[in-house]
């Protein structure tokens with residue numbers, strides 16, 4: 001057919017109406033994604049023994065490089081307690097560890113939800129402001145006083161065991177507090193490598209608990225004890241989430257603050273309630289870690305107290321790991337959850353009321369996610385059965401056994417069966 005009389009621009013347009021530029025861009029994106037997928041597959045588990053040995057050597061080199069990077073990072077900048085940096089280093093490590101086990105790009109697919117979760121948490125402050133929910137300054141105090149006959153446990157503890165400078169045991173206090181920022185991701189990373197079924201179960205509970213807590217932070221923003229110890233009732237009468245009084249030094253807190261001053265104090269200790277969750281680091285020469293964590297605290301949602309995610313996620317991790325270990329290890333994980341609760345109350349991070357809500361939410365989530373587990377595992381079993389059935393099909397489309405399976409043909413069925421069984425992945 002002749003092109004005479006045809007607008008030259010028509011010849012430059014993609015038949016689907018996207019234009020030559022758009023068509024080329026789409027093609028380039030598809031080709032890039034396909035090349036990345038092929039490259040990732042070439043670094044996954046290989047059917048050929050010699051190829052598998054090659055990718056295992058690559059994994060060892062890559063993991064060594066990652067370990068050097070992490071060591072250098074810690075030496076230069078300190079431990080990456082900030083969530084996004086920590087998550088990035090963990091994902092890079094998982095990328096190296098997955099070489100020779102599964103396509104490394106699965107790390108991106110499986111761990112992007114954690115980034116979404118962290119971003120959602122960062123947005124809770126603005127969401128609460130947009131909705132216009134009032135910040136609760138008295139609710140948890142009133143409940144704690146009701147439960148403990150007029151006593152606020154945070155005040156009672158700091159009256160008796162807070163010293164002018166941190167004693168030796170506050171190093172353990174700070175370590176327990178900071179473990180919240182590391183342990184859940186470490187558990188998720190270990191399960192991702194060793195057992196995908198357990199990883200999926202943990203991930204489900206992690207996300208359900210976190211999003212339930214995020215809903216709580218948006219609908220019921222609440223101030224923690226350290227903030228209530230700096231503000232008077234008149235200063236927060238408008239239920240503001242960030243009044244100026246929150247940013248006062250503890251020593252300048254007014255005597256008529258909401259939490260009240262201590263009736264007694266150790267010699268030399270401030271008679272005001274202080275946020276002291278990280279001061280134990282100074283005793284072991286990790287003042288830089290204290291600065292990093294305190295900076296993160298100031299940039300986070302400071303009225304996200306109900307429920308306590310520190311307590312809830314710690315309890316979730318403890319309960320989940322108790323289902324995986326022998327009963328003789330149960331007291332260790334129970335002690336960890338109780339220790340975290342003590343740390344949060346003593347250091348003025350949370351009220352007991354917040355802790356109870358966090359624990360209760362963790363228990364509900366552990367039970368409520370069981371039907372999700374069963375549904376997902378049935379789906380994987382059906383997928384494994386379907387993959388096994390397809391591998392037994394003859395070229396004509398009829399089931400049969402006349403033609404033996406090659407290693408490549410059996411790979412999809414084996415992979416699906418392995419994922420459904422949840423067996424650990426090894427070299």
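For this structure, a couple of remarks:
- Contact order, relative form, for the range 72-164: 14 percent (alpha carbon pairs under 8 Å, 6 or more residues apart, mean separation divided by residue count).
- Extension gain, residue 381 to residue 338: 0.36 nm times the residue separation minus the Cα-Cα distance gives 11.7 nm.
- Distance between the modelled labels on residue 149 and residue 168, one decimal in nanometres: 3.4 nm (7 Å Cα→Cβ projection).
- Length gained when the stretch residue 38-residue 60 is fully extended (0.36 nm per residue, less Cα-Cα span): 5.8 nm
- Packing-based ranking, highest mean first, of 87-93, 303-309 given that Cβ atoms within 10 Å are counted: 303-309, 87-93
- Taking the average, over residues, of other Cβ atoms within 10 Å as the packing measure, peptides 109-122, 64-77, 220-233 rank 220-233, 109-122, 64-77 from highest down.
- Annotation: the residues 162, 327, sorted from fewest to most other C-beta atoms within 10 Å of their own C-beta, follow the order 327, 162.
- Sorting 181-190, 367-376 by their mean Cβ neighbour count within 10 Å, with the most densely packed peptide first, gives 181-190, 367-376.
Since every read-out is calculated from the coordinates, none of them should be taken as a lab result. Predicted, not measured: the structure shown is a model, and the values here were computed from it. Note that we place each Cβ from the backbone using ideal geometry, even for glycine, and neighbour counts take in every protein chain shown.
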